[in-house]
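S.K.: Handing you this structure, nothing more for now.
The values are calculated or read from the model by the stated rules, or taken from the named source; none is laboratory data. On a predicted model such as this, the values are computed, not experimentally measured, just so you know. Cβ sites come from the backbone with ideal geometry, for glycine too, and all protein chains shown count toward neighbours.
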Amino acid sequence: MSAQRHVLAATVPAHRAGERLDRVAAECFRQFSRMQLAAWIRCGALRLDHAPAKPAQRVAGGEALTLDAPVERRVGDLEPEPVPFAVVHEDAHVLVVDKPAGVVVHPGAGVAGGTLVNGLLAHRPALAALPRAGLVHRLDKETSGLMLVAASLEALPALTRAMARRAIGREYLAVAEGALTGGRRVDLALGRDPVRRTRQRVRADGRPASSVVRVEQRYRAHTAVHVTLETGRTHQVRVHMSAIGHPLVGDQRYGARGRLPKAPTDALLQAVRQFRRQALHARRLSFAHPITGTAMSFSSPVPADIAGLLEALTDDAAGAA
């Protein structure tokens with residue numbers, strides 16, 4: 001059965017000329033929140049005169065608004081399921097969980113169950129009362145590591161605001177192709193690829209995105225890096241690293257080519273060839289508790305697959321010295 005969709009149309013009232021598109025859309029489609037409509041505008045599901053637009057774009061009046069978006073299942077309709085993840089911290093208002101690679105965060109097109117949300121509902125059924133089961137941010141399916149979950153109605157808006165003002169620290173470990181000469185700050189705006197809609201790309205008209213990259217260890221043809229996010233755009237680390245010429249090991253979507261040094265060890269050859277996901281791990285998470293204000297910080301151990309890759313890179317570099 002094909003997924004249900006919201007397919008709607010409206011006309012911008014003439015008296016709303018000069019106003020923001022997301023405000024006007026909220027007036028025309030009152031059954032949806034302004035936040036949801038803004039998200040649909042950004043991803044191209046809600047268009048202005050059949051063309052992509054931005055939430056803050058000013059309307060002239062008389063334009064056509066067209067919406068074509070999948071109907072998302074409500075959290076309360078989802079089945080609790082046992083899903084592999086670790087609970088790193090839990091109290092009445094906050095959960096910090098460690099997601100393994102391969103687990104989808106939220107049900108979507110073609111994914112009805114087995115997600116982190118299903119697992120959260122099984123672990124703590126009261127999360128069904130919260131939008132997105134309290135999720136404050138997301139990780140890609142094949143990215144492992146720490147995620148922050150609001151566990152109460154009081155905590156969710158506070159954590160959402162903290163995320164918006166960049167008050168939640170998120171640090172990643174990544175293994176990139178090529179030897180970086182040094183750390184750098186990457187300020188490149190990102191947006192959806194107009195041709196391949198499941199990808200993001202650097203775009204002059206995209207949303208501002210900033211990452212700070214620090215070298216942790218150089219190898220012969222690879223570099224382990226520490227990346228701190230100052231914004232949280234979709235696929236941000238992956239696209240930024242690719243854009244500076246250093247795609248992540250295993251990330252074929254964004255340009256990884258299985259790069260190897262000259263005469264690699266057999267262990268390194270196998271480690272690179274068999275690495276099937278992007279080498280990216282959300283290693284540290286820090287924030288102020290939404291109710292008490294207490295500073296909180298958590299770390300996640302390096303997962304076995306990335307640890308094995310780093311070991312092979314280290315041994316290869318030592319053997320070539």
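S.K.: Can you spot a residue in the range 174-181 that is in the same structural domain as residue 213 (by TED's automatic domain parsing), among the polar types (S, T, N, Q) and either in a helix (DSSP H, G or I) or over 19 Å from residue 295 (Cβ atoms) (or both)?
M.R.: The initial filter retains those residues of the range 174-181 that are in the same structural domain as residue 213 (by TED's automatic domain parsing), namely 174-181.
Going one step further and asking which of them are among the polar types (S, T, N, Q), we end up with 181.
Then drop every residue that is not either in a helix (DSSP H, G or I) or over 19 Å from residue 295 (Cβ atoms) (or both), which leaves 181.
Yes, the range 174-181 contains a residue that is in the same structural domain as residue 213 (by TED's automatic domain parsing), among the polar types (S, T, N, Q) and either in a helix (DSSP H, G or I) or over 19 Å from residue 295 (Cβ atoms) (or both).
S.K.: Among the residues of the range 235-253, count how many are β-branched (Val, Ile, Thr) and either surrounded by fewer than 21 Cβ atoms within 10 Å (Cβ to Cβ) or farther than 21 Å from residue 43 by Cβ (or both).
M.R.: At the first step, the residues of the range 235-253 found to be β-branched (Val, Ile, Thr) are 237, 239, 244, 249.
Restricting the remaining residues to those that are either surrounded by fewer than 21 Cβ atoms within 10 Å (Cβ to Cβ) or farther than 21 Å from residue 43 by Cβ (or both) gives 244, 249.
Going through the range 235-253 one residue at a time, the tally reaches 2.
S.K.: Continuing with this model, one more query. Report, by residue number, each residue of the range 275-321 that is assigned to a loop (DSSP other than H, G, I, E, B), of a type outside the set (A, V, I, L, M, F, W, C) and at pLDDT 95 or above. Steps first, please.
M.R.: Kept after step one, since they are assigned to a loop (DSSP other than H, G, I, E, B), are these residues of the range 275-321: 275-279, 289-294, 300-303, 321.
Then keep just the ones that are of a type outside the set (A, V, I, L, M, F, W, C); that gives 276-278, 289-290, 292-294, 300-301, 303.
Listed by number, the residues that qualify are 277, 278, 289, 290, 292, 293, 294, 300, 301, 303.
Conditions (1) farther than 24 Å from residue 198 by Cα; (2) in contact with a Gly (Cβ under 6 Å, 6 or more places away or on another chain); (3) of a type in the set (A, V, I, L, M, F, W, C), marked per residue:
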| position | (1), (2), (3) |
| --- | --- |
| 19 | yes, no, no |
| 22 | no, no, no |
| 83 | yes, yes, yes |
| 98 | yes, no, no |
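S.K.: Going by what's in this entry, would residue 39 be described as on the phi < 0 side of the Ramachandran plot and at pLDDT 90 or above?
M.R.: Details: on the phi < 0 side of the Ramachandran plot: yes; at pLDDT 90 or above: no.
No: the conditions fail for residue 39.
S.K.: Determine the pairs where a residue that is free of Cβ contacts under 8 Å to residues at least 60 places away in the same chain and in the same structural domain as residue 280 (by TED's automatic domain parsing), located within the range 245-261, has a partner that is surrounded by fewer than 18 Cβ atoms within 10 Å (Cβ to Cβ) and hydroxyl-bearing (Ser, Thr, Tyr) with Cβ atoms under 9 Å apart, the partner being 6 or more residues away or on another chain.
M.R.: That search, which allows pairs on different chains as well, returns 253/198.
S.K.: Sticking with this one: Pull out all pairs, ordered by first then second residue, where Cβ-Cβ is under 7 Å, the residues are six or more apart or on different chains, the first lies in the range 195-215 and is within 19 Å of residue 253 (Cα to Cα) and touching a residue at least 40 places away in the same chain (Cβ under 8 Å), and the second is part of a loop (DSSP other than H, G, I, E, B) and of a type outside the set (Asp, Glu).
M.R.: Matching pairs, first to second residue: 202/188; 202/189.
S.K.: Give the residues of the range 278-321 that are closer than 22 Å to residue 220 by Cβ, out of contact with any helix residue (DSSP H, G or I) (no Cβ under 7 Å at 6 or more places or on another chain) and of a type in the set (D, E, K, R), sorted by residue number.
M.R.: Answer for the range 278-321, where residues must be closer than 22 Å to residue 220 by Cβ, out of contact with any helix residue (DSSP H, G or I) (no Cβ under 7 Å at 6 or more places or on another chain) and of a type in the set (D, E, K, R): 305, 311.
S.K.: Is there a residue in the range 199-222 that is of a type in the set (Lys, Arg), closer than 27 Å to residue 296 by Cβ and at pLDDT below 95? It would help to see each step written out before you state the result.
M.R.: From the range 199-222, those of a type in the set (Lys, Arg) are 199, 201, 203, 207, 214, 218, 220; that's our starting set.
With the extra rule that they be closer than 27 Å to residue 296 by Cβ, the set shrinks to 214.
Now drop any that are not at pLDDT below 95, which leaves none.
Within the range 199-222, none of the residues are of a type in the set (Lys, Arg), closer than 27 Å to residue 296 by Cβ and at pLDDT below 95.
S.K.: So, in the range 67-117, how many residues would count as being in a strand (DSSP E or B), over 16 Å from the mean Cα position of the chain (by Cα) and either more than 19 Å from residue 155 (Cβ to Cβ) or modelled with pLDDT under 80 (or both)?
M.R.: Counting residues in the range 67-117 that are in a strand (DSSP E or B), over 16 Å from the mean Cα position of the chain (by Cα) and either more than 19 Å from residue 155 (Cβ to Cβ) or modelled with pLDDT under 80 (or both) gives 6.
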